[in-house]
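Worksheet: the structure to be examined is printed underneath.
The values are calculated or read from the model by the stated rules, or taken from the named source; none is laboratory data. Predicted model, so just to flag it, every value in this text is computed and none were measured. Cβ placement follows ideal geometry from the backbone for every residue including glycine, while neighbour counts extend to all protein chains displayed. Note: areas computed on protein heavy atoms with side chains; ligands, DNA, RNA excluded. Shrake-Rupley method; radii C 1.70, N 1.55, O 1.52, S 1.80 Å.
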Amino acid sequence: MTRVALAFSGGLDTTVCVPLLEEEYGYDEVVGVTVDVGQPAEEFAEAEETADALGLEHYVVDAREEFAALCMESVRANATYQGYPLGTALARPVIAEKILDVADEHDCDALAHGCTGKGNDQLRFEAVWRASDKEVIAPVRELGLTREWEIDYAAEKDLPVEGGNEGAWSIDTNLWSRSVEGDDLEDPTYVPPEDIYDWTETPGGTEAELVEVGFEDGYPVSLNGDAVDPVDLIEELNDLAGAHGVGRTDMMEDRMLGLKVRENYEHPAATVLLTAHEALEQLVLTKSERDFKQTVDEEWAQQGYKGLVDTPLMTSLEGFLEANQSKVTGTVTVKLQGGQVRPVARDSEFAVYSESAASFNTETVDGIEQADATGVAKYHGFQERLANAVAANAATDADAQPTATDGGSEE
Ligand code: ARG
């Protein structure tokens with residue numbers, strides 16, 4: 001008896017994979033696995049319904065906590081890829097791990113996904129799965145399937161693919177972001193209609209709202225003074241900030257295979273938490289820490305985009321963050337209005353800030369007087385002034401300058 005675990009959403013791609021895994025790949029049994037990373041309830045209903053109609057052995061696994069925890073790690077790293085807060089990207093390794101667990105528990109010899117050969121998700125899934133000794137199967141990619149072929153095949157096989165979320169747009173939703181792509185949106189010149197948005201109101205028209213986010217060691221832990229766990233925090237902030245139209249991104253994205261794609265995202269909670277977190281870092285990190293951390297953050301985001309979250313490099317980056325974020329404890333108040341989130345207050349016991357040192361009203365700080373800056377001011381730019389003078393001289397006295405041959409460099 002051979003069994004294959006399939007990442008199953010109940011959409012067209014994964015539905016046609018079920019008979020194909022039996023017919024084309026010769027598996028005796030297919031096990032469908034749907035992993036909950038915060039998709040809307042309708043998607044689970046669709047998956048259950050379709051699984052029932054197919055007579056598919058089907059499991060739903062809740063991974064919201066693991067996924068939210070990874071999102072909180074990404075906040076510590078201020079992680080965005082080209083401006084995109086990585087919702088789909090970070091969800092994939094979490095989903096892949098859960099499917100691997102189910103496959104082990106239910107004696108599956110192989111793992112399958114319904115991704116095409118053009119996107120990022122195939123790479124993110126397989127980066128996790130190929131560490132196991134199970135066979136990895138990608139029917140859509142390997143059999144070169146097109147959407148039209150899948151629709152015809154589904155009709156011929158009488159597969160349950162009618163209802164559900166197969167509208168004009170291709171949508172991927174989880175706690176951290178909602179992505180909308182495909183159809184007219186593929187044209188970079190096409191201005192999206194308002195109805196592609198579901199999490200964010202049209203910006204404008206709302207009264208400004210203040211929200212206070214509390215951080216501990218760089219992790220967001222409270223909302224308006226109340227302790228809240230990551231899943232609830234993200235859900236609450238998606239509602240709160242989405243109402244003000246905060247967290248829309250319309251961008252050209254460079255996929256891993258080199259293709260540029262037009263993407264639209266909604267991510268209100270991510271935008272609020274990333275903005276607030278950075279505002280707190282501005283207060284508590286030294287300039288050199290902030291400068292260096294940009295390199296760490298950028299690398300974290302690049303690896304996160306690739307779905308490579310469990311690697312030696314990530315462990316090293318996390319090591320830096322662990323040490324560096326121990327001071328990122330405090331609160332930030334942000335103002336939500338008109339599609340914008342703006343930090344308006346920040347407070348921390350670790351603030352590297354001396355009001356008296358920065359103030360215009362005090363003469364002496366720690367025994368340092370204003371006049372002590374005179375020597376610094378005299379030296380400031382010394383080397384550049386000298387270099388400019390040498391260059392100017394060289395230009396005017398070009399003829400008088402020694403040439404390379406005068407130096408006896410030729411033997
Ligand atoms: N381009 C994004 C990523 O690779 C999201 C793709 C989401 N898929 C979709 N069908 N909308 O992370």
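Data table
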item	result
For the chain: lysine pairs under 24 Å (alpha-carbon distance), excluding those fewer than 8 apart on one chain	13
Kirkwood hydrodynamic radius of region 325-374, Cα pairs, Å	13.9
Fluctuation leader among Thr315, Thr34, Thr15 - the chain, Gaussian network, Cα springs under 10 angstrom	Thr315
Where region 32-137 is the region considered: accessible area per residue in Å², 1.4 Å probe	37
Residues listed by number, region 215-252, amide nitrogen under 13 Å from Asp347 label point at 7 Å toward C-beta	215, 224-226
Most mobile of Tyr353, Tyr265, Tyr379 in a GNM of the chain (Cα contacts under 10 Å)	Tyr379
Per-bin percent of Cα-Cα distances, region 113-232 [10 Å]	9, 23, 29, 23, 13, 3
The chain: most fluctuating residue of Asp152, Asp13, Asp297 per GNM, C-alpha cutoff 10 Å	Asp152
Length-normalised contact order of region 203-279 in % [C-alpha pairs under 8 Å, at least 6 apart]	26
Inter-centroid distance (Cα atoms) of region 301-320 relative to region 218-293, Å	18
Cα gyration tensor shape of region 137-194, rounded if a/c is under 1.5, else prolate or oblate by comparing a/b with b/c	prolate
Carbon plus sulfur fraction of accessible area for region 1-102, probe 1.4 Å, in percent	45
FRET efficiency estimate (nearest 0.05) - Cβ-Cβ, Glu57 to Leu210, R0 41 angstrom	0.25
Region 251-350 - percent of accessible surface contributed by carbon and sulfur, probe 1.4 Å	51
Cβ-defined net charge surrounding Arg92, 13 Å radius [Lys, Arg +1; Asp, Glu -1]	-3
Largest-first ellipsoid semi-axes for the chain, taking √(5λ) over the Cα gyration tensor eigenvalues, angstrom	50, 30, 21
Additional length obtainable on full extension of the chain from Lys157 to Ala227, 0.36 nm per residue less Cα span	20.0 nm
In region 1-41, GluC sites (Glu not before Pro) in a DSSP loop with at most 13 other beta-carbon atoms within 10 Å	Glu24
Ellipsoid equivalent to region 190-318 - semi-axes via the Cα gyration tensor, in Å	26, 24, 14
Residue-averaged 222 nm ellipticity for the chain, from DSSP H runs of 4+ at -39500 (n - 2.57), nearest 500	-13000 deg cm²/dmol
Radius 11 Å from Cβ of Val60, net charge of other residues (Lys, Arg +1; Asp, Glu -1)	-3
Segment Thr116-Leu313, extension gain: residue separation times 0.36 nm, minus the distance between their alpha carbons	68.1 nm
Extended-chain gain in nm, criterion 0.36 nm per residue less alpha-carbon gap, Asp217 and Val365	50.3 nm
Where labels lie 7 Å past Cα in the beta-carbon direction, separation of Glu235 and Arg385 in nm	6.4
Positive-pole candidate from Val18, Gly319, Pro203, dipole of the chain, charges at beta carbon	Gly319
